[in-house]
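What follows draws every value from the coordinates through simple rules; no lab data is involved. These numbers were taken from a predicted model, which means no experiment stands behind them. As a convention, Cβ positions derive from the backbone with ideal geometry for all residues, glycine included, and neighbour counts pool all protein chains shown.
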Amino acid sequence: MRGQRNTAILAGIILLALVLIWIDLPDNPGIHIHWGFINIDKDIRVHQGLDLQGGLQVLLEADVPEGTEIDSEAIDTAKVIVENRVNGLGVTEPLVQKRGERRIIVELPGIEDPELAVATIQETGLLEFIDAGYTFLAPGTEVETDYLGGDEEGTPPEATTEATPVETSADEGTPEAEPAPVVYHTVIAGAGLKDAVATVIQDAGSTLPVVAFELKSEASSTFAQHTASHRGQYLCIVLDKTIVSCPVIEDAIPDGKGIIRGRFTPVEAKALAVKLRYGALPLPLRIETTRTVGPTLGQDSVRRSITAGAIGLSVVFLFMLVYYRFPGLLADLALAIYALLNFAIYKFGLPPLFDYVTLTLPGIAGFLLSTGMAVDANILIFERMKEELRAGRSLGAAIEVGFNRAWTSIRDSNISTILTCAILFYFGSTFGASMVKGFALTLIIGVMTSMFTAVTVTRTFIRFAFDAFGDSLRDKRWLLGI
Amino acid sequence: MFDIIGKRYWYFLISALLIVPGLIAMVYSTVTYGAPVRLSIDFTGGSLMVLKFQQPATEDAIRDVFISQGFTNPVVQQLGQPEDNTWQVRMGFADVETVDKIKASLADQISPIDEASSSFSTVGPAVGSEVTRAATVAVVIASLLVGAFIIITFRRIPNAFRYGVCAISAMTHDILIALGFVSIMGILFSWEVDALFLTAILTVIGFSVQDKIVVFDRIRENTPKWRGEPFETVVNRSILETLHRSLATQLNAMFVMIAILLFGGASIKQFIAVMLVGMVTATYSSIFNAVPVLVAWENGEVGRFFRRIFGREAATA
């Protein structure tokens, strides 16, 4: 019986509403399940865009002459390198993405020192081989080196054969609470590296992933000298002052070719080879666009717009109630669920499509606008119902016919909005105009959820109301908004 | 039945009255500023800084600092109330080190800056011109896509092509009015067109077509029902039937937008204002533009009109 099915759907909707309310609560703890092989770690919170929480956005472009073909692997590597640098800045949610074939966009929300960030991103990427004596340095350790530039093949200007690290003297008058930082001697710098490849060697019957490297000629001779006199000591590989790997010198290396052995998986070996090869950016990157926004600026706007939105929506709720009376009340309930659903999608995302929506000020405007469209769908339905009732149909038939006739209008008209939003979204993505993108996204989500709530939620409510109260309503035309 | 369609030539006149001042403003703007509307750095390239000082500042003092850093023609404007101490400066492209120097210089000579309430944007010239081109393309593609969509959706009725064209022409009318509005605002209040404006236009396109589809849909439904009646009467009936819905939806959308205009954050006010203008004209043009043109076309008036313009001998209708 249709009535039972309707009640089941109604129950489903109420359940959904409860879930939505839970998702929408502030300070939601998120979902963290580690049970057996189920590992879920999902934060459920509002993600604010740059214009709301402040931060930095930079659009980088490959700085090569117009029309030069850009190797897609090069730009991918550049993106990875920029990403690694950015991750070291301590921003909670950095974003580094490729945009088209020549551009990389970087977004750092909430960053406190934009100038430092920009400098870091544009850093050249210095690779060094340092002499660590008999001390093993774990990967990830930060070190200071004495590398000051040197000539083109990366041979530091004062190459000595001393193995001992050079101690810096502490400042006069400062208490010696910590040991003075050790400055390591750079044997070879990255410019001297010719190539590095991940490969495998056979060792005692098993296959070991290693990284094979080759140095340029002048660097080779320095290297040969150093390895001959430092057998058994550590020669660490440093990238942007951080230890990447710290192998032992096992033998003199006269020809500038060597193997870095370690406990690598094939993936790690490849990653290290990439780091060595591309320690420096493979392509020069130039900044095309920069935007920095102070956090207070955004927060103020948010508060005002949320207030405005709340006022606007209240008027809408009131209007529907006054104009359509009982169906209007049902539409208002459906609208409330609509708002809950949208907000939940912003916080929870739609896995696997996306994990959350970054809200921007235009995004909020987009949501408010889409409520207008959600209302529109309800209005279309109600006007249809009114017409059918006036034409003499029974209440039950008027409901069904009203929905069916209105649905084609709703669907077709919403599609046109979706089309223009798709274009907007594409435009926003290509130019790093995250505000445009944010608006398009919230509007598309809004339009789609509005189709759902109009058809499912409003219809279920009305059917249920009719089933439950139909007889007493039949004669109260006023209540039905005729 | 109240005759809306019969008075269609009045509506065309009103539309002309709405569009012409905008066109004049756009011509004036092009002559004075080089573009029909004032363009923001998103399209022209350059930099925009919003600076909140801790002490009051003067326009000249600020401009001097920028000139000393090598910018030839900085445009300095005060934002908000005088006690906000917030200024906006528009100048050429700048990199982050230059911005640092500027801020240091400003702190030195005028007063330190409240970073939390300030912002900085710079757009390279290459990106700027790309954005302009892409924006135009986006609008054109959107219009064509939507027009095609209408033609496809209404393919079952005769002359579906006309519906698409009428929708596009009404939409163009809406865009022209919105552009005119922004142009006038640019001349009077220095409003600038940025990427958000493009968003507003595309949204207006979407909404505009949405509105027309609802009316067309009703015409499509009524045409077989009222076969005996002339087209004009059927259309008139359709408009009257959808009027309630159009007005109710328009009102609701306006409630929200007016609330944002009055109470919302400053940065999206212009965006919302443009959308408001666009949506009102969209509803207007559905009833008083798209459909009357459809009727005029159907009645052969369009053909006669063009023939008269181009001086060909009019065949007897």
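For A:Cys246, A:Cys236, what ranking results if the residue with the fewest other Cβ atoms within 10 Å of its Cβ goes first? Please report the intermediate quantities before stating the final value.
Values: A:Cys246 20, A:Cys236 24.
The order, fewest Cβ neighbours first, is A:Cys246, A:Cys236.
Please arrange B:Val302, A:Val436, B:Val234, A:Val293 by counting, for each residue, the other beta carbons lying within 10 Å of its beta carbon, fewest first.
If I rank by nearby Cβ atoms, fewest first, I get B:Val302, B:Val234, A:Val293, A:Val436.
Rounded to a whole number of µm²/s, how large is the Stokes-Einstein D of region B:46-122 at 10 °C and 1.306 mPa s, given Rh as the Kirkwood radius over C-alpha pairs?
Numbers: Rh = 12.1 Å.
The diffusion coefficient I find is 131 µm²/s.
Excluding B:Val37 itself, calculate the net charge of residues whose Cβ lies under 14 Å from the Cβ of B:Val37, where each Lys or Arg counts +1 and each Asp or Glu counts -1. Mind dumping the intermediate values first?
Details: positive: B:Arg38; negative: B:Asp42, B:Glu192, B:Asp194.
Computed value for this residue: -2.
If the elastic network links every pair of Cα atoms under 10 Å, which of B:Ala259, B:Ala25, B:Ala35 fluctuates the most in the Gaussian network model of chain B?
Ranking B:Ala259, B:Ala25, B:Ala35 by mean-square fluctuation puts B:Ala259 first.
According to the Cα gyration tensor, what semi-axes, each the square root of 5 times an eigenvalue, does the equivalent ellipsoid of chain B have, listed from largest to smallest in whole Å? Working shown, then result.
On the way: eigenvalues 473, 81, 53 Å².
Sorted largest first and rounded, they come to 49, 20, 16 Å.
Out of A:Thr453, A:Gln225, B:Thr199, whose Cα points farthest toward the positive end of the dipole of the protein assembly as shown (charges: +1 Lys, Arg; -1 Asp, Glu; placed on Cβ)?
The Cα lying farthest towards the positive end belongs to A:Thr453.
Springs between alpha-carbon atoms under 10 Å, Gaussian network over chain B: tell me which of B:Ile151, B:Ile113, B:Ile205 tops the mean-square fluctuations.
The residue that fluctuates most here is B:Ile113.
Would you pull out the residues with amide H under 5 Å of A:Arg99's amide H, same chain only if 5 or more places away, H placed 1.01 Å from N?
Long-range HN contacts for A:Arg99: A:Ile104, A:Ile105.
Give the Cα extents of region B:220-317 along the principal axes, in whole Å, largest first.
So the extents along the principal axes, rounded to whole Å, are 60, 38, 13.
At a Förster distance of 60 Å, what's the computed FRET efficiency of B:Thr172 paired with A:Asp203, Cβ-Cβ distance as r, to 0.05? Could you put the intermediate results ahead of the total?
Working: r = 74 Å, r/R0 = 1.23.
My answer for the efficiency is 0.20.
Among all helices in chain B defined by DSSP H, which have a length of 15 Å or more along the axis from Cα atoms plus a Kyte-Doolittle mean of at least -0.5? Let's see the in-between values first.
Working: long enough: B:8-33 (37 Å, 1.31); B:96-109 (20 Å, -0.21); B:125-153 (42 Å, 1.73); B:160-189 (43 Å, 1.61); B:195-225 (46 Å, 0.61); B:231-263 (46 Å, 1.00); B:269-285 (24 Å, 1.16).
Within chain B the helices that satisfy the rule are B:8-33, B:96-109, B:125-153, B:160-189, B:195-225, B:231-263, B:269-285.
Mind jotting down the distance between the C-alpha centroids of region B:116-143 and region B:201-270, whole Å?
Cα centres, region B:201-270 to region B:116-143: 30 Å.
Hey, got the average number of other protein chain Cβ atoms within 10 angstrom for residues in B:189-202? Please list the in-between numbers first.
Numbers: counts 0, 0, 0, 0, 0, 3, 12, 7, 0, 6, 16, 3, 2, 11.
Per-residue shielding by partner chains comes out at 4.
Under the definition of Cα pairs under 8 Å and six or more residues apart, what whole-number percent is the relative contact order of region B:46-122? Walk me through the numbers on the way to the answer.
On the way: 130 pairs, mean separation 37.5, N = 77.
In percent, rounded to a whole number, it is 49.
Can you pull the mean other chain C-beta count within 10 Å for peptide A:315-323? Write out the running numbers ahead of the final one.
Values: counts 7, 7, 2, 1, 4, 2, 0, 0, 4.
Per residue, the average neighbour count from other chains is 3.
Determine, at each q value in 0.11, 0.19 (inverse angstroms), the log₁₀ of I(q)/I(0) that the Debye formula gives when each Cα of region B:64-200 is one equal point scatterer.
Debye output, listed in q order: -0.63, -1.20.
For chain B, set up a GNM with springs between Cα atoms under 10 Å and report which of B:Phe120, B:Phe306, B:Phe161 has the largest fluctuation.
Checking each option, the largest mean-square fluctuation is seen for B:Phe306.
Just add up the charged neighbours of B:Phe71: K/R +1, D/E -1, any other residue whose Cβ is under 12 Å from the Cβ of B:Phe71.
Numbers: positive: B:Arg63, B:Arg90, B:Lys101; negative: B:Asp64.
Net charge around B:Phe71: +2.
If R0 is 41 Å, what FRET efficiency do you get for A:Ile14 and A:Asn39 from their C-beta distance, rounded to 0.05?
Values: r = 31 Å, r/R0 = 0.76.
E between A:Ile14 and A:Asn39, to the nearest 0.05, is 0.85.
Work out the mean other chain Cβ neighbour count within 10 Å for the residues of B:236-245 and drop it here as an integer.
Values: counts 0, 0, 0, 0, 0, 3, 3, 1, 6, 10.
Mean number of neighbouring Cβ atoms from other chains: 2.
Taking the Cβ of B:Ala170 as the center, what net charge do the other residues with Cβ under 14 Å away carry, scoring Lys and Arg +1 and Asp and Glu -1?
Summing Lys and Arg as +1 and Asp and Glu as -1 gives +1.
Evaluate the relative contact order of chain B (contact order divided by residue number), counting alpha-carbon pairs under 8 angstrom at least 6 apart; express in whole percent. Walk me through the numbers on the way to the answer.
Numbers: 389 pairs, mean separation 68.9, N = 317.
It comes to 22 percent, rounded to a whole number.
Label the protein assembly as shown by shape, choosing from rounded, prolate and oblate, from the square roots a ≥ b ≥ c of the eigenvalues of the Cα gyration tensor; if a/c is under 1.5 it is rounded, and otherwise prolate applies when a/b is larger than b/c, oblate when it is not.
Details: a/c = 2.37, a/b = 1.89, b/c = 1.26.
Judged from the Cα gyration tensor, the protein assembly as shown comes out prolate (a/c at least 1.5, a/b above b/c).
Under the rule of -39500 (n - 2.57) per DSSP H run of 4 or more residues, summed and divided by the residues of chain B, what mean residue ellipticity at 222 nm is obtained, to the nearest 500 deg cm²/dmol? Walk me through the numbers before you get to the answer.
Values: 11 runs with 211 residues, N = 317.
Mean residue ellipticity, 222 nm, calculated: -23000 deg cm²/dmol.
For a quick check of your reading of the filter: which chymotrypsin sites (Phe, Trp or Tyr not before Pro) in region A:1-104 sit in a DSSP loop and have no more than 15 other Cβ atoms within 10 Å? Intermediate results must be reported in sequence, preceding the final value.
Numbers: sites: A:Trp22, A:Trp35, A:Phe37; in loops: A:Phe37.
When the chymotrypsin sites (Phe, Trp or Tyr not before Pro) of region A:1-104 are filtered for loop state and at most 15 Cβ neighbours within 10 Å, A:Phe37 remain.
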